[in-house]
Amino acid sequence: MKNIELVIFDMAGTTVRDQKEVETCFAQACKFTDLDVTEERILALQGYSKIEVFRMLWNEKIGETHPDFVKNVQYSYENFKRILEEHYHIHTVLPTAHCLEIFEYLRVHDIKIALTTGFYRKVTDIILNKLGWLDGLNSEYFNASGKSIIDLSIASDEVEKGRPQPDMILKAVKTLGINDLKNVINIGDTPSDLQSGKSADVALSLGICNGTHSRDQLRNYRNDGLIADLSELKIILER
């Protein structure tokens, strides 16, 4: 993979250790706002823009033409944000196994690092700040100083469409001046991560199996490889 210039990583479950925070907070918000959703359904929607998930769920329950549809979507979303922000403010945030090791490897080999997420910017910043990954980024979340551990952060509310659409990948490529999508690897732990990578037609859309989804769950979606953890990315790059 000598031509790889950029690796795009998902956050929760891929580079940020997942302890079912999102699932738990989402389930609490659904219960609080009278949305009956199974654990399996919540898991299947991991990685998507969260407001889009509430649009889907309320559309399934009452239909998007219902006079209360917009109000209900916003009410559920605002409660989810409140619950999630409170959680991340209080609890410890840790990188996943081998994350910092692979970041260092990519920096040494002059391969850029971008983080994308289904989170909106406010909670993304809470997480990045706790990890120390905001340091060195400018107001556009770009590593203009050259001193940050990552080169770019993009949240789902900073593009027109979140996952499974490829908008965040395409924005990362444009911002970082990558001319060929075949010089890009996308990696994440959810079906929507894999789908966005395939939609963007990057060199490799990889699934990681130690996050929110297992190998058995991810293998049902189009992918260019499934890895046990981030240490295997080094093997792929050196193959």
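Quick note: the coordinates plus some simple rules give every number you see, no bench work behind them. The shown structure was predicted, so the numbers you read here are calculated from the model rather than taken from an experiment. Every residue, glycine as well, gets a Cβ built from its backbone with ideal geometry; the counts of neighbours run over all protein chains shown.
Summary table
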| read-out | value |
| --- | --- |
| Estimated vicinal HN-Hα couplings, Hz - the stretch 102-110 in sequence order (Karplus 6.51, -1.76, 1.60; Gly, Pro = x) | 6, 4, 5, 4, 5, 5, 4, 9, 6 |
| Cα-based Kirkwood hydrodynamic radius, the stretch 178-232, one decimal, Å | 11.0 |
| Convex hull projection area averaged over all views, the stretch 126-178, Cα basis, nm² | 3.9 |
| Which of Thr124, Thr92 has the fewest Cβ neighbours within 10 Å, and the rest in rising order | Thr92, Thr124 |
| Residues of the stretch 188-224 with amide N under 17 Å of a point placed 7 Å along Cα→Cβ from Lys182 | 198-205, 224 |
| Estimated inter-spin distance, Lys130 and Glu238, nm [label 7 Å along Cα→Cβ] | 3.3 |
| Around Asp180: net Lys/Arg minus Asp/Glu count, Cβ-Cβ under 11 Å | -1 |
| Among Lys161, Lys147, Lys182: highest mean-square fluctuation, GNM of the chain, C-alpha pairs under 10 Å | Lys147 |
| Base-10 log of normalised Debye intensity for the chain (one unit scatterer per alpha-carbon) at q = 0.10 Å⁻¹ | -0.44 |
| Radius, Kirkwood style, for the stretch 101-239 when every pair of distinct Cα atoms is counted (Å) | 15.4 |
| Relative contact order for the chain, counting Cα pairs under 8 Å that sit 6 or more residues apart, in percent | 25 |
| Pairwise Cα inverse-distance average, inverted: Kirkwood Rh of the stretch 21-90 (Å) | 12.1 |
